[in-house]
Amino acid sequence: MKRLILLFVFLFGLGNSYASVESDFFRNPEFVMPKLNGNGDFLLVKKRIDNYNEIVLTNLNKYIETPVLKVSTQSSTYISDFEWLGNNNFAISTYDDINGGNLYLYKINENGKAKRSALLSNTYVFDAQITQEDRFIAFRYKHGKPNLFSFDLNSERHESQFRSKKRITKGPLRNGRWLVNHSGSVNVNYDTEDGQTEVYVKYPDSKQWRQVWENSDEIEFKPVMFIPEKHELLVLSQKDEGYLKLYSYNTQVNEFTNIVYQVNGRDIANVLINPFKPELIGYSYIQGGVAHHIYNQTLSELVDKHTKTTDIPNGYVINFSQDYKKVIYINSSIDKPSKYYLYNQSINESMLLGEERPWLNKYELGTSEVITSKSSDGVEIESYLTLPARTDNKQVPLLVMPHGGPLGVSDTRHFPIDVHYFVQQGYAVLTPNYRGSSGFGEKFLNAGKKQWGRLIEDDIESAVAKVLDKGVIESSKICIFGISYGGYSALISAIRRPDLYRCAISYAGVTDIPLLFSGGVQTDNERHQALKDILGDPDESWDTLVEFSPIYRANELKIPIFIAQGGRDRIVEDEHYFRMKYVLEKLDKDFEHFYMENEIHGFKLVGSQIELYIKINEFIQNSFVNQETIKANTADE
Amino acid sequence: MTIYAESSFTQKLLLLLSVIFTFPALAIEPLEKDEGYVLVALKVEQGYLPTYVTLSGEGWGNGLKYDLKPTSTNYWLEAVEAGTYEWDRLYLNKDVYLDIEDAELTIKVEPGKINYGGHLLLHTTMNASRNSLLGGARFYFNNKASKAMTYLDNNFPSLVKDYDLIYTGEHKDHFFDYAKQLKGVKL
């Protein structure tokens with residue numbers, strides 16, 4: 001009996017500690033994105049408390065915390081965003097797959113308590129208009145068309161403010177995009193259709209819209225801010241040298257005048273605009289997998305002061321009070337979870353507000369480095385290799401994790417949680433920014449088009465080869481795992497290089513390229529054109545699309561395969577998964593499968609993620625063990 | 001191959017049940033001249049299960065009407081006159097229905113073939129018990145050819161051998177041709 005109890009304790013204890021790594025890495029962060037109001041006296045933050053995600057309001061003068069809205073972590077509803085609408089009003093957005101988005105509006109009363117003032121269904125905050133106490137710009141679809149409304153927060157009549165005649169989006173491009181100025185007026189209307197981009201601006205003293213740009217889609221022209229008194233439209237474009245730069249464009253003569261922001265050999269990732277007045281305050285870009293923020297003089301002096309008080313580098317500003325007296329920073333350092341700080345200029349002190357994942361502090365986390373390789377055609381590829389903290393000078397297995405997309409997405413080194421989970425399990429993880437990844441310029445981005453299963457995978461293999469040259473990897477233990485395009489890449493890589501990879505894991509992966517065209521019967525024209533541009537025209541290159549589809553070459557698979565899918569994935573429909581499963585079964589291939597009926601593209605529920613990653617880790621380990629068994633048997637013979 | 005979420009006991013039970021209750025091949029009427037088989041599929045992903053559904057055909061009296069069984073996915077296979085059929089209404093009860101005709105979800109039936117146009121997937125958050133529609137409904141018409149193939153393999157194996165199975169959606173699909181080749185390899 002004693003033995004039985006001991007065995008039970010051992011098994012229970014083992015199972016528990018085994019699962020705890022997964023639950024530590026995949027549970028939701030407990031403190032996310034704190035936001036100050038303009039006066040700097042209140043703070044909103046999303047917290048995870050027990051089994052709930054909560055929006056908590058903190059009175060910074062009295063340090064009193066009040067929960068405002070809480071949603072169970074098991075609920076199909078989640079808190080998607082929250083923001084200040086002036087000093088005393090704020091909004092919380094929730095979303096669920098069935099009902100779509102809800103917008104909860106709150107007002108802080110004289111006692112400092114938040115009271116719900118409205119609930120607006122299918123409505124989003126387009127522009128918070130933080131300097132105006134009584135209104136914000138709301139976005140809502142009406143009759144399938146996008147509309148903006150100037151919503152009066154003091155009015156008790158809510159729905160009547162969304163009548164069609166009250167929309168403020170009355171410009172030449174009805175279904176296009178809009179910019180709103182700091183006074184709440186729409187002043188830029190632009191759109192791209194059939195490869196033609198049109199841009200219109202509206203001066204404050206005019207009722208007319210004036211066209212200032214019309215050109216083919218070859219030159220990107222993305223308006224950022226219109227300053228009518230200077231006849232200046234700030235525009236992101238890659239017109240020179242193929243990298244996104246911020247330009248000043250003169251709307252009187254319709255000409256580019258000068259470059260405002262640029263980075264050598266990289267795209268500008270983001271332009272930072274002061275929410276309180278129409279001025280630029282900086283920009284950001286990604287280099288070496290790390291986000292760099294360049295600020296104007298006022299903000300960079302504050303960043304320096306904060307850095308001196310905390311001795312923590314790589315901090316960047318999330319938001320600040322209107323008088324710059326209070327600033328919130330994130331120390332989004334590489335290879336560690338984020339921490340948030342409040343810097344108070346009046347007393348020159350920084351205070352730790354919260355940590356996203358403090359429970360990970362007990363782990364020795366891995367460290368990343370940049371790997372640069374040359375692909376088959378000489379194109380330079382930047383990848384990131386994250387190694388376990390302790391390898392005891394032994395070679396470690398490698399997990400290659402190509403990102404999704406494949407176009408316009410890139411990996412960074414800012415603590416990708418799945419990478420660090422696998423590193424904690426003892427793998428080195430390689431995340432390649434293959435051609436098509438964002439941030440490396442237009443030429444690199446476009447080079448990823450029509451290269452599914454071809455040059456993109458050459459890029460990935462070049463990165464693997466470079467890592468193998470370092471001598472830290474056990475070359476007989478390499479697997480490839482990806483989500484979405486990464487899942488496709490895992491399958492096609494298994495077909496291309498069974499000599500290199502020991503197993504492949506495809507999670508929500510594309511398995512049949514032509515199905516991307518025929519999957520949704522009601523395919524809209526815009527999506528169809530985009531697919532043709534990215535993949536090739538099925539009418540002209542049908543055989544190629546079939547040739548590079550894993551399901552039609554499944555007979556070539558020689559290594560173990562794991563496929564995983566959510567039943568409510570609307571990005572990569574579960575038909576990709578079921579086709580692969582059908583074919584693998586017919587061909588009697590070695591594979592495992594994992595399906596969650598109610599899950600979406602990239603599982604949403606923490607429990608589903610934990611279950612999946614435990615299975616994947618077991619699958620990889622078993623693949624390595626089986627490989628060793630085969631090797632041993634071969635040696636015996 | 002591994003199937004998760006099924007204990008070995010469950011697997012044994014399933015095996016036993018599958019021996020006892022082997023899928024019997026269903027009977028279906030033979031095709032007349034100018035007729036083809038239409039495979040209609042509806043999956044209720046969430047919410048209310050309609051009592052019956054209708055598809056309109058070309059000309060008066062050529063519509064199709066199917067009653068639903070209380071399962072999340074319903075299939076109907078029938079010999080019909082060649083032509084175009086369009087999803088029309090999903091009746092939640094005798095009086096209340098979702099009219100989806102405007103979405104123009106069609107199945108084009110070619111003579112002498114088994115024609116599959118896609119699965120209609122339905123989400124509802126409505127209460128139709130008092131003859132009123134509260135909440136909303138969303139639907140998708142998606143190509144789920146492998147599920148259609150599995151259904152036909154299990155229920156009409158000889159029909160699939162004897163007739164070409166085609167996807168009738170706007171864009172070309174390679175799966176049925178490939179699945180047929182695979183069977184050729186295996187059988």
**OP:** Tell me, please, whether a residue that is buried (at least 19 other Cβ atoms within 10 Å of the Cβ), among the polar types (S, T, N, Q), more than 18 Å from the chain's Cα centre (by Cα) and modelled with pLDDT of 95 or more can be found in region A:364-374.
**Re:** yes
Subject >> Odd one out for residue A:327, checked against (1) in a strand (DSSP E or B); (2) surrounded by fewer than 17 Cβ atoms within 10 Å (Cβ to Cβ); (3) among the aliphatic types (A, V, I, L, M) >> reply: (2)
**OP:** Mind listing just one residue for me: the one in region B:80-126 that is among the small types (Gly, Ala, Ser) and within 14 Å of chain A (Cβ to nearest Cβ) and, of those, farthest from the chain's Cα centre (by Cα)?
**Re:** B:103
**OP:** Please tell me if residue A:245 is surrounded by fewer than 19 Cβ atoms within 10 Å (Cβ to Cβ) and farther than 28 Å from residue A:133 by Cβ.
**Re:** no
Subject >> Number of the exception - residue A:515 against (1) assigned to a helix (DSSP H, G or I); (2) free of Cβ contacts under 8 Å to residues at least 12 places away in the same chain >> reply: (2)
**OP:** Could you grab me the full set of residues in region A:200-220 that are modelled with pLDDT of 90 or more and in contact with a Lys or Arg (Cβ under 8 Å, 6 or more places away or on another chain)?
**Re:** A:200, A:201, A:202, A:203, A:208, A:209, A:210
Original post:
Which condition breaks for residue A:282 when tested against (1) in contact with an Asp or Glu (Cβ under 8 Å, 6 or more places away or on another chain); (2) at positive phi; (3) not polar (S, T, N, Q)?
Top reply: (1)
**OP:** Identify the residue in region A:556-567 that is surrounded by fewer than 20 Cβ atoms within 10 Å (Cβ to Cβ) and in contact with a helix residue (DSSP H, G or I) (Cβ under 6 Å, 6 or more places away or on another chain) and, among all such residues, is nearest to the other protein chains (Cβ to nearest Cβ).
**Re:** A:567
Subject >> strands (runs of 3 or more DSSP E) contained in region A:22-112 and holding at least 2 residues surrounded by fewer than 15 Cβ atoms within 10 Å (Cβ to Cβ) and touching a Ser or Thr at 6+ places or on another chain (Cβ under 9 Å) >> reply: A:64-72
Original post:
residue A:594 versus (1) within 13 Å of chain B (Cβ to nearest Cβ); (2) under 26 Å from the mean Cα position of the chain (by Cα); (3) surrounded by fewer than 20 Cβ atoms within 10 Å (Cβ to Cβ): which is the lone unmet condition?
Top reply: (3)
**OP:** Answer with yes or no whether residue A:602 is surrounded by fewer than 21 Cβ atoms within 10 Å (Cβ to Cβ), in a helix (DSSP H, G or I) and either at the interface with chain B (Cβ under 9 Å from one of its Cβ atoms) or modelled with pLDDT under 95 (or both).
**Re:** no
Original post:
Can you pull out the residues in region B:44-81 that are within 21 Å of residue B:155 (Cβ to Cβ) and surrounded by 18 or more Cβ atoms within 10 Å (Cβ to Cβ)?
Top reply: B:44, B:53, B:55, B:64, B:74, B:75, B:77, B:80
Subject >> Number of positions in region A:178-199 that are farther than 16 Å from residue A:229 by Cα, touching a Lys or Arg at 6+ places or on another chain (Cβ under 8 Å) and in a strand (DSSP E or B) >> reply: 3
Original post:
For the subset of region B:142-170 comprising residues that are in a loop (DSSP other than H, G, I, E, B) and crowded, with 19+ Cβ neighbours inside 10 Å, which member is farthest from the other protein chains (Cβ to nearest Cβ)?
Top reply: B:156
Original post:
Quick one: which strands (runs of 3 or more DSSP E) sit completely within region A:421-509 and have at least 3 residues that are of a type in the set (Gly, Ala, Ser)?
Top reply: A:473-483
Original post:
Inside region A:198-230, can you point out the residues that are farther than 21 Å from residue A:270 by Cα and crowded, with 18+ Cβ neighbours inside 10 Å?
Top reply: A:198, A:200, A:201, A:202, A:209, A:212, A:213
Original post:
Looking at region A:605-615, is at least one residue part of a helix (DSSP H, G or I), farther than 19 Å from residue A:28 by Cα, within 14 Å of chain B (Cβ to nearest Cβ) and at pLDDT 90 or above?
Top reply: yes
**OP:** May I ask you to say which residue of A:512, A:533, A:543 is out of contact with any His (no Cβ under 9 Å at 6 or more places or on another chain), under 23 Å from residue B:169 (Cβ atoms) and within 14 Å of chain B (Cβ to nearest Cβ)?
**Re:** A:543
Subject >> Filter result for the condition that a residue is under 18 Å from residue B:44 (Cβ atoms), among the hydrophobic types (A, V, I, L, M, F, W, C) and either modelled with pLDDT of 90 or more or touching a helix residue (DSSP H, G or I) at 6+ places or on another chain (Cβ under 6 Å) (or both), over B:133, B:98, B:152, B:90 >> reply: B:90
Subject >> Whichever residue in region A:530-555 is in contact (Cβ under 8 Å) with a residue 60 or more places away in the chain and part of a loop (DSSP other than H, G, I, E, B) and, among such residues, is surrounded by the most Cβ atoms within 10 Å (Cβ to Cβ) >> reply: A:548
Original post:
Just wondering, is there one or more residues in region A:568-579 that are surrounded by 23 or more Cβ atoms within 10 Å (Cβ to Cβ), facing chain B (nearest Cβ under 8 Å) and part of a loop (DSSP other than H, G, I, E, B)?
Top reply: yes
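The values are calculated or read from the model by the stated rules, or taken from the named source; none is laboratory data. Everything quoted here is computed from the prediction, not taken from an experiment. Positions of Cβ are backbone-derived with ideal geometry, glycine not excepted, and every protein chain shown enters the neighbour counts.
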